[in-house]
Amino acid sequence: MKLRYLCLLLFFLLSCPTVRAQEKVVHSGNDSVKVYKKIEDMSKKSKFKKFIYRLLFKSKKSETKSQKKARQEFMIKKSFDRNEGKIIRQINIETLDPFGYSADNFKDAPDKGFERFGNRLHLKTKNWTVRNLLLFKKNTPLDSLAAQESERLIRRQRYVRSVVIKPIEIPGSKDSVDVSVRVLDSWSLIPTGAISGSKMRFDLTERNFFGLGHEIENNFARRFDDGKKAYTGIYTINNIRDTYIKAQFMYNNDLNDNIVRSARLERQFFSPLTRLAYGAYFENRFHVDSLPDNTGDFADQDFKLETQQYWAGHSFKIFRGRSEDFRSTNLVTTVGYKNINYKQLPSLAYDPDRFFASEKLYLATIGLNTRKFQQDKYLFNFGIIEDVPYGQVYSLTAGFQDKNNRRRSYFGGRVAYGRYFPAGYGGINVELGSFFDGGKSQETTLRVEAKYFTNLMSIGSWRFRQFVMPTFVLGNHRANTIADRVRIGEQNGISGFDNPLINGTRKLFTTFQTQTYVPGNWHGFHFSPFFNMNIGVLADQTDKLFNDKIYSIFSVGVLINNDYLVFNSFQVSFSFYPSIPYQGSNLIKTNTFKNDDLVLPDFQIGEPAIVPYNKL
């Protein structure tokens with residue numbers, strides 16, 4: 001039995017890489033090794049500056065690419081170097097249909113009947129939709145970092161497959177330049193679905209409604225045993241004009257007749273160059289949940305509540321200069337207000353301490369962060385460029401809460417760090433926060449999450465990566481209710497363990513995934529077989545974390561991507577559960593595991609919030 005515990009501990013330790021990282025940095029025209037020398041000399045003038053320098057800056061990482069691609073990128077970079085600071089005369093935007101074209105090759109054109117037919121059915125992205133995403137304008141100096149960020153922001157749109165931004169020199173002009181923006185669309189109408197022994201689901205999403213960049217999502221579900229139906233509708237405007245304000249409206253009625261209506265209006269720190277961010281959120285929710293009384297008997301309780309949230313923040317550039325390191329490092333301050341108003345509460349017999357009660361929460365965050373991005377491939381999409389965030393965050397959050405006619409203070413902190421290093425990518429996020437009432441800590445949470453994936457490896461023509469993602473959550477002085485407990489089956493946890501009786505105050509689980517990429521394609525479809533293993537443990541304050549009960553799931557499946565259906569995939573998977581409490585042993589389920597649950601950290605400081613304890 002001890003061997004099992006040692007294995008779990010070893011898995012977790014191996015999942016948290018501490019190797020000093022190296023990174024790839026792409027600089028603008030006037031950046032060079034001399035810049036780093038000047039920074040280093042400046043840092044020697046005081047201990048504080050030396051500390052900041054060592055905290056923020058690391059060395060560069062080289063990246064192997066195909067010779068043709070490397071030369072193309074080199075030529076574009078040299079073109080930016082030659083034209084840095086010149087006034088932009090014209091911005092020429094060209095959007096391309098998804099079939100047969102290429103963003104970086106003007107010679108490519110559709111030569112097959114089905115490609116031309118598909119393009120006729122497709123509505124291309126409007127030029128002004130792309131223009132509103134650009135961080136540079138006409139009659140302003142060319143800024144290579146702003147162009148690089150614009151390319152990334154366009155590429156992350158779910159209706160874009162690839163984009164190339166480059167300067168076009170004007171013959172005879174020494175102070176002006178044109179800029180070419182060439183965007184390749186992806187097919188935006190996406191039907192997906194899944195079926196298992198207990199229910200079926202059908203989703204229909206349009207990610208580029210009439211070429212405007214708006215997204216409409218409709219999800220339908222039906223449970224077989226009782227015929228219950230569910231519906232979710234979401235309408236998203238990703239960018240109102242050129243403000244980067246995102247508006248989202250949602251209606252959800254699930255299989256248990258729980259209803260959520262919400263509206264969100266938000267402008268995040270979408271780029272390290274962003275200075276202002278703010279947001280507002282409104283929600284009306286009705287749901288039924290089961291709670292136990294003091295004898296342990298459960299009964300359904302009705303909840304009805306309204307939520308309002310407001311926040312605003314400012315990002316300050318703390319270093320002068322034009323280097324990428326200088327411009328991607330910021331001091332960020334944010335303030336927020338949250339008001340939860342319960343219209344219907346569970347009875348006192350099932351919530352004697354009034355854990356569910358109206359509250360007002362006031363928080364402020366101050367922090368230092370560095371956010372950069374490196375391009376990679378073969379992560380969550382097949383051969384498509386993906387922007388992997390890396391950097392660091394050091395932040396403090398403080399405020400107070402008014403609840404149950406009492407006021408208590410809150411203090412929390414966050415440290416996050418992520419880098420590429422010779423063996424792959426590693427990142428860790430550590431958060432600690434607690435309420436205080438009369439000098440005593442309440443509802444303390446420590447959350448540690450790590451992410452690691454190897455470099456792309458090959459066996460013959462097959463490519464593969466290994467992902468390892470551990471999570472540790474520790475709660476102390478938590479409220480005396482089952483609602484204030486962590487579950488092993490929470491969001492991004494181990495699916496299938498959804499019974500509320502499977503809970504504790506501490507948990508540790510680790511995800512191991514081997515993702516492979518089969519060479520070649522079949523009519524544009526690529527196949528990515530995977531193996532996934534989740535192992536976790538739970539404990540209460542009086543129990544040892546490594547007790548006899550281990551929760552596990554073993555999944556095999558295949559992710560099916562298409563060249564034109566970017567950011568979307570079809571999936572077939574089979575999962576084996578050695579044991580699920582209150583259900584049975586040696587269970588096999590289909591399509592319970594979602595391969596897109598693997599989320600990388602974003603080193604952003606946004607709306608101030610308490611450290612999440614149970615992500616349900």
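Taking the beta-carbon count within 10 Å as an exposure proxy, list Leu368, Leu363 from fewest neighbours to most.
Leu368, Leu363
Can you give the relative contact order of region 258-597 as a percent, counting alpha carbon pairs under 8 Å and 6+ residues apart?
Relative contact order, region 258-597: 8 percent.
With each pseudo-label sitting 7 Å past Cα toward Cβ, what's the Ala357-Thr243 distance in nm, one decimal?
Reported label-point gap for Ala357 and Thr243 is 3.8 nm.
Past 30 Å, Cα to Cα, is the threshold; run Lys199/Lys615; Lys360/Lys549; Lys77/Lys112; Lys124/Lys228; Lys138/Lys246 against it and keep the listed order.
Lys360/Lys549; Lys77/Lys112; Lys124/Lys228
For a label point 7 Å from the Cα of Thr333 along Cα→C-beta, name the residues of region 378-408 whose backbone N is under 11 Å from it.
None, by backbone N distance to the label point.
Using 0.36 nm times the number of residues separating His314 and Asn218, minus their current alpha carbon distance, what extension gain do you get?
Between His314 and Asn218, full extension yields 31.0 nm more.
Can you compute 3J(HN,Hα) from phi for each residue in region 245-254, using the Karplus curve 6.51 cos²θ - 1.76 cosθ + 1.60 with θ = phi - 60°, rounded to whole Hz and x for Gly and Pro?
After applying 6.51 cos²θ - 1.76 cosθ + 1.60, I find 7, 9, 10, 9, 10, 9, 10, 9, 10, 8 Hz.
Rounded to the nearest 0.05, what FRET efficiency is calculated for Asp104 and Ser198 with R0 set to 60 Å and r the Cβ-Cβ distance?
0.80
For Ile494, which sequence-distant residues (separation of 5 or more, or a different chain) have an amide H within less than 5 Å of its own amide H, given hydrogens modelled in the peptide plane?
Amide H to amide H, under 5 Å and 5 or more residues apart or across chains, Ile494 pairs with Gly489.
Taking the Cβ of Gln401 as the center, what net charge do the other residues with Cβ under 14 Å away carry, scoring Lys and Arg +1 and Asp and Glu -1?
Working: positive: Lys338, Arg354, Lys360, Lys403, Arg406, Arg407, Arg408; negative: Glu359, Asp402, Asp437, Glu443.
Spelling it out: positives minus negatives among the neighbours equals +3.
Please give, to one decimal in nm, the separation of the simple spin-label points placed at Ala299 and Ile459, each 7 Å out from Cα toward the Cβ.
The two pseudo-label positions are separated by 5.8 nm.
Under 5 Å between amide hydrogens, which residues at least 5 positions from Leu135 or on another chain qualify, with H placed 1.01 Å from N in the peptide plane?
Ser150
Between Phe527 and Ala423, take the C-beta separation as r, use R0 = 30 Å, and let me know the FRET efficiency to the nearest 0.05.
0.65
Label Val599 and Phe286 with points 7 Å out from Cα along Cα→Cβ: what is the distance between them in nm?
Using points 7 Å along Cα→Cβ, the separation is 2.8 nm.
Under 13 Å from a point 7 Å along the Cα-to-Cβ line of Val388: which residues of region 457-496 have their amide N that close?
Flagged as within label range: 457, 464-468.
With a Förster radius of 51 Å, plug the Cβ-Cβ distance of Leu587 and Lys137 into 1/(1 + (r/R0)^6) and report the FRET value to the nearest 0.05.
0.30
Here, each number is a calculation from the coordinates, and none is a lab measurement. All values derive from a computational prediction rather than experimental measurement. Reconstructed Cβ throughout: ideal geometry from the backbone, glycine too, with neighbour counts over all protein chains shown.
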